[in-house]
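Here the structure is laid out as structure tokens; the discussion comes afterwards.
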Amino acid sequence: MKKLILLATIAALMAVAPLASNADVKLSGQVNRMVAQVDNGVDSEIQHLDNNGSGTRFRLTGETDSGTGIMVGFNWETQYQSNSSGSVDAGTLNDFADTISSRKRDLYLKGGFGKVSLGQGDGAANGITEMEYTGTTYLTGYASPNDIWGGVTFGNTTTKVGAVYTGFDALSRNDRLRYDSPKLGPVTLSVDTGQGGKTEMAVRFSTAIGDGKLKGGVGTWDQKDAGTNKGTSGSIAYMDASGFNGAISFGSKDATTAGAPDPSSTMFAVGYVTGEHSISLRLGTADDVTAGVSADSTGFGYVNRSIKGAELYAGYQMFEVDIAGADDISILFGGVRVKF
């Protein structure tokens, strides 16, 4: 099946390529590879990975003017990873099978009324916990570090990071009908409805404050066909003219068991951006993702953009969990993302 998907992808690329001279159709994407020393207190190895925070992918996008003041476009994006960091574990050195995943199969109309999107794409609240100015987002960490390292097991346990830590960033990408309002001053409103009756809503804003800038947002979601998956999350970030910046993200969802505490998470980030350099420090905690368990996250990241078209990065990530006998996880890593 994966081979069929890949063959269909190549055929689609070849089919649309001749259209590029007559319409605004573009091929773009990225390759993101890294090397990591993964240590869970029991096992420690060097791993060669695809960074799942912003995985290797390619996309076709296109847009045309309908002649009525309405722009018509599409976004067709596929992720293709080898050895995803989201699947790696200390003590496991095998090459994981290539993973192909559909990210976006999206059509849209946009004009003075805003934007209407139809198909598989970002939900209205996707990314709502990830609004920041650090310049290291997705490469070395963000509100959901479990996206990058969720498969790593705490030493002397069978518990993985992804079982006890999440940033509660709504419902990610899905099949939906989404509406985004035109900018209302500094504010944009988004809402969608999708497969199984799921709904998402979000409010985002961005504005200048003196010599600095501020942005943030809050969103809600309800995945009605998947049991209890209903919650609220958001983030707010500020950067001053010097390049110093900070961000706070938060999220929670309704507990799946009546009377149980609602799972929640919070992350604080501080950073500094100067020229081609970005650094950040993150401290996060998640409670009751697994009932009665708390997990802490500490991350440091650096990104260098001095080579045109490439981002070189390095980072350190640590996870702690309050399970008796569990060893801490520590990960030292470095890599490069090249966009085309």
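The values are calculated or read from the model by the stated rules, or taken from the named source; none is laboratory data. Because the structure is predicted, anything quoted here is derived from the model rather than measured. Every residue, glycine as well, gets a Cβ built from its backbone with ideal geometry; the counts of neighbours run over all protein chains shown. Keep in mind that these areas ignore ligands, DNA and RNA; they rest on the heavy atoms of the full protein, side chains included. Shrake-Rupley method; radii C 1.70, N 1.55, O 1.52, S 1.80 Å.
Please count how many residues of the stretch 56-100 are of a type in the set (D, E, K, R) and under 21 Å from MET34 (Cα atoms). Qualifying residue count, the stretch 56-100: 4. Beta carbons closer than 6 Å, at least 6 apart along the sequence or on distinct chains, pair a first residue in the stretch 268-289 that is under 21 Å from VAL164 (Cα atoms) with a second that is at pLDDT below 95 and open to solvent by 40 Å² or more (accessible area, probe 1.4 Å) for ASP288/PRO261.
State yes or no: is GLY231 touching a Ser or Thr at 6+ places or on another chain (Cβ under 6 Å) and outside any strand (DSSP E or B)? Break it down stepwise before answering.
Details: touching a Ser or Thr at 6+ places or on another chain (Cβ under 6 Å): yes; outside any strand (DSSP E or B): no.
Taking the combined requirement at face value, the residue does not satisfy it.
Mind telling me which of the residues VAL303, VAL338 ends up being open to solvent by 60 Å² or more (accessible area, probe 1.4 Å), of a type in the set (Val, Ile, Thr) and closer than 26 Å to GLY29 by Cα? I'd like the intermediate steps shown before the answer.
Details: VAL303 fails: open to solvent by 60 Å² or more (accessible area, probe 1.4 Å).
None of the others qualify; the one that does is VAL338.
If I filter the stretch 262-280 for residues that are out of contact with any Pro (no Cβ under 9 Å at 6 or more places or on another chain), at pLDDT below 95 and within 30 Å of ASP222 (Cα to Cα), do I get at least one hit? Looking through the stretch 262-280, at least one residue is out of contact with any Pro (no Cβ under 9 Å at 6 or more places or on another chain), at pLDDT below 95 and within 30 Å of ASP222 (Cα to Cα). Taking the stretch 306-321 only, how many residues are under 22 Å from the mean Cα position of the chain (by Cα), open to solvent by 50 Å² or more (accessible area, probe 1.4 Å) and farther than 25 Å from GLY41 by Cβ? Number satisfying all stated conditions: 1. Only one of the listed residues (THR274, THR257) is hydroxyl-bearing (Ser, Thr, Tyr), open to solvent by 70 Å² or more (accessible area, probe 1.4 Å) and out of contact with any Lys or Arg (no Cβ under 6 Å at 6 or more places or on another chain). That residue is THR257. For THR188, state whether it is touching a residue at least 12 places away in the same chain (Cβ under 8 Å), buried (at least 16 other Cβ atoms within 10 Å of the Cβ) and under 30 Å from SER84 (Cα atoms). Taking the combined requirement at face value, the residue does not satisfy it.
Looking at ALA291, is it out of contact with any Leu (no Cβ under 6 Å at 6 or more places or on another chain), farther than 25 Å from GLY91 by Cα, at pLDDT below 95 and surrounded by fewer than 17 Cβ atoms within 10 Å (Cβ to Cβ)? Spell out the reasoning first.
On the way: out of contact with any Leu (no Cβ under 6 Å at 6 or more places or on another chain): yes; farther than 25 Å from GLY91 by Cα: yes; at pLDDT below 95: yes; surrounded by fewer than 17 Cβ atoms within 10 Å (Cβ to Cβ): yes.
Against the criterion (out of contact with any Leu (no Cβ under 6 Å at 6 or more places or on another chain), farther than 25 Å from GLY91 by Cα, at pLDDT below 95 and surrounded by fewer than 17 Cβ atoms within 10 Å (Cβ to Cβ)), ALA291 qualifies.
Of the residues making up the stretch 111-130, just one is open to solvent by 30 Å² or more (accessible area, probe 1.4 Å), in contact (Cβ under 8 Å) with a residue 60 or more places away in the chain and either touching a Lys or Arg at 6+ places or on another chain (Cβ under 6 Å) or basic (Lys, Arg) (or both), namely LYS115.
Among residues of the stretch 290-340 being of a type in the set (Ser, Thr, Tyr) and in contact (Cβ under 8 Å) with a residue 24 or more places away in the chain, the one that is farthest from THR153 (Cα to Cα) is SER306.
The set of residues in the stretch 234-267 being touching a residue at least 24 places away in the same chain (Cβ under 8 Å), assigned to a strand (DSSP E or B) and more than 12 Å from TYR133 (Cβ to Cβ) consists of GLY234, SER249, PHE250, GLY251, SER252, LYS253, SER264, SER265, MET267.
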